[in-house]
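This report concerns only the one structure given below.
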Amino acid sequence: MPENPLRQLPSVHQVLEDPAAFGLIERHGRAAVAEAVRAELDDCRRRLKTAREKSDAPLWGQIATRLERMAAPALRRVINATGIVLHTNLGRAPLAEEAAQAAYDAARYPLSLELDLDSGDRRSRQHGVRQLLQRLLGAESGTAVNNCAAATVIALRTLAMGREVIVSRGQLVEIGGGFRVPEIMAASGAILREIGTTNITRLGDYEEAIGPQTALILRVHQSNFRIHGFTQSPDIADLVSLGRKHNVPVIDDVGSGALVDYAQFGLPGEPMVAESLRAGADLVLFSGDKLLGGPQAGLIVGRTELVTQIERDPMMRAMRLDKMTLAALDATLRLYLRPELALQRIPVLKLLSVPTAELKRRADAIVSQIAGRVSAVAREDVTFVGGGSLPDQTVPTVVIALQPAEGDEAFAQKLRCGEPAVLSRITGGAVLIDLRSVPAEMDSILATALTAIL
Ligand SMILES: *Cc1c(COP(=O)(O)O)cnc(C)c1O
């Protein structure tokens, strides 16, 4: 009777005694190597059972590869050449140097997070950000939570739990990633009162819905889609006068959080936070990491009485910002105190303001470096500013269109797995390297990454 080949497999302990293991143990630690060896032996066992082939010893090459894969962090730095400046899957807005440094300092050293250094008294961690929001936006007050979804939930929960919130059917949107207005409303404990139709909601529809159960009127910026043609919805000023007449606060969820006018970058129609406040909205909600160009955060600005009520909600503690994010947000907002500085320092603003002629010059330079290895041409195109949960706005751009022999999908995969990883966009059989989302200082690294895999 032939001997059971499974018995010939060495034990984990025996494998670890092999001199070939020493280098790996030095590099990865004994526990990780043991884990990789165990997994490799399991694979050998499975192969033997199915293929019934004679055992060979576990393969050191495979163990080493397994260890490298285990050691690689899931969060890797990438070059965003998708053209989408605010790419949710790639972390949305990159921070300004000042903001990143502030987050670093907050992470490494103790700081006056909840302390007034003059008096030595305790002070709200929101103090600094609140003052900046007041100065920048002319807001009565302001506060910050983890993201705009949290801002919506806490505002509705505090101000409308068990009561009705009036929303136009045209604004019952899904922003992406599970942010659906009706579901957020349900999660907050507020009761949704839908009015109007998908394309038409009139001021009269709002007025008819107001009753003793009404807590709020909510307007939601549609963000990622537009209805064209026969449409109508009252503007924020009309909603504010209606709200005042009936003593119902109006909340404006503007989403992207433009602090400057993005029309100058060819993005008309992005609601500006300050305008909404000027029109009289009682509260305005927006994200920190979209057009504002800061860290992930949700900002709530508006009437002191409402902001104070929200801050007193016990749930606030579960949604408040940590010290690193708060420091990064503070530093980002501080840049906006000098708008010309914001344009130079905040990456989102900087990326969106590069003229296409400049992008073309950079693209030509990269093409000349990779010429001969692949069919590559630099040409003008358009790209979205945000993907998924962000505005549907497009901006002009310049792309390097590559037509690799191996096919677009295979080539894009190679780019993703390169060092550094490069994220591209595929259109019409070509792999596009879009420079709209690439800071100029990354061009040479990008060219090197491309050359390496070509
Ligand atoms: C993006 C967006 C949100 C969600 O913001 P997060 O910061 O991603 O939580 C909410 N409302 C509107 C209108 C948005 O555009």
ask   = If r is the Cβ-Cβ distance from ARG202 to ASN247 and R0 is 22 Å, what FRET efficiency results, to the nearest 0.05?
value = 0.55
message = Placing one identical point scatterer on every Cα of segment 206-258 and ignoring solvent, what is log10 I(q)/I(0) from the Debye formula at q = 0.21, 0.24, 0.30 Å⁻¹?
response = -0.86, -1.00, -1.23
remark   = Using alpha carbon centers only, segment 133-175 is separated from segment 327-383 by a whole-angstrom value of 32
note = Between ASN147 and residues 5 or more places away or on another chain, the pairs with built amide H atoms under 5 Å apart involve GLY298
inquiry  = If R₀ is 56 angstrom, what is the calculated FRET efficiency for the pair GLU340 and GLN8, using the beta carbon separation as r and rounding to 0.05?
reply    = 0.15
inquiry  = Please compute the contact order of segment 357-454 in relative form: average sequence separation of alpha-carbon pairs under 8 Å and at least six residues apart, divided by the residue count, as a percent.
reply    = 28
query = What number, in nm² with one decimal, is the all-direction average of the projected area of the convex hull of the alpha-carbon atoms of segment 155-239?
reply = 5.5
key: Within segment 155-238, chymotrypsin sites (Phe, Trp or Tyr not before Pro) in DSSP loop having at most 16 other beta-carbon neighbours inside 10 Å   = PHE225, PHE230
ask   = What is the packing order of peptides 254-260, 379-385, taking the mean over residues of other C-beta atoms within 10 Å and listing the highest first?
value = 254-260, 379-385
request  = Pull out a ≥ b ≥ c, the square roots of the eigenvalues of the alpha-carbon gyration tensor of segment 66-114, then state rounded if a/c is under 1.5, prolate if not and a/b is larger than b/c, and oblate in the remaining case.
outcome  = oblate
inquiry  = Quick check on packing: order 64-76, 434-446, 270-282 by the mean number of other C-beta atoms within 10 Å, highest mean leading.
reply    = 270-282, 434-446, 64-76
ask   = Given H placed on each backbone N at 1.01 Å, which residues far from ASP381 in sequence or on other chains put an amide H within less than 5 Å of it?
value = THR397, VAL398, VAL399
remark   = Computed curve, the chain, Cα-only Debye sum without solvent term, log₁₀ I(q)/I(0) at 0.06, 0.09 Å⁻¹, is -0.38, -0.75
task = Within segment 175-246, list the trypsin sites (Lys or Arg not before Pro) lying in a DSSP loop whose Cβ has at most 14 other Cβ atoms in a 10 Å radius.
result = ARG226
query = Among 292-302, 80-90, 110-120, how do they line up from the highest to the lowest mean number of other beta-carbon atoms within 10 Å?
reply = 292-302, 80-90, 110-120
note = Excluding near-sequence neighbours (fewer than 8 apart on one chain), the chain holds lysine pairs with C-alpha atoms under 26 Å apart numbering 5
ask   = Share of segment 161-293's accessible area from carbon and sulfur, percent, 1.4 Å?
value = 48
ask   = What ³J(HN,Hα) values, in whole Hz, does the Karplus curve 6.51 cos²θ - 1.76 cosθ + 1.60 give for segment 401-412 when θ = phi - 60°, with x put for Gly and Pro?
value = 8, 10, 10, x, 4, 6, x, 5, 4, 4, 5, 4
ask   = What per residue convex hull volume, in Å³, do the alpha-carbon atoms of segment 70-229 yield?
value = 219
key: Relative compactness, segment 205-314, computed as alpha-carbon Rg over 2.2 N^0.38 Å   = 1.13
inquiry  = At 222 nm, what value in deg cm²/dmol follows for the chain if DSSP H runs of at least 4 each add -39500 (n - 2.57) and the sum is divided by all its residues, to the nearest 500?
reply    = -12500 deg cm²/dmol
key: segment 93-156: C-alpha gyration tensor shape, a/c 1.5 cut-off, then a/b vs b/c   = oblate
task = Pull up all non-local amide H partners of ARG123: gap of 5 or more, or a different chain, and H-to-H distance under 5 Å with H placed in the peptide plane.
result = LEU115, ASP116
request  = Provide, as a two-decimal number, the C-alpha radius of gyration of segment 318-435 over 2.2 N^0.38 Å, N being how many residues it has.
outcome  = 1.33
ask   = Dimensions of segment 370-446 along principal axes (Cα, Å, largest first)?
value = 36, 29, 23
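The values are calculated or read from the model by the stated rules, or taken from the named source; none is laboratory data. These figures come from a predicted structure and were not determined experimentally. Every residue, glycine as well, gets a Cβ built from its backbone with ideal geometry; the counts of neighbours run over all protein chains shown. With ligands, DNA and RNA removed, areas are computed over all heavy atoms of the protein, side chains included. Shrake-Rupley method; radii C 1.70, N 1.55, O 1.52, S 1.80 Å.
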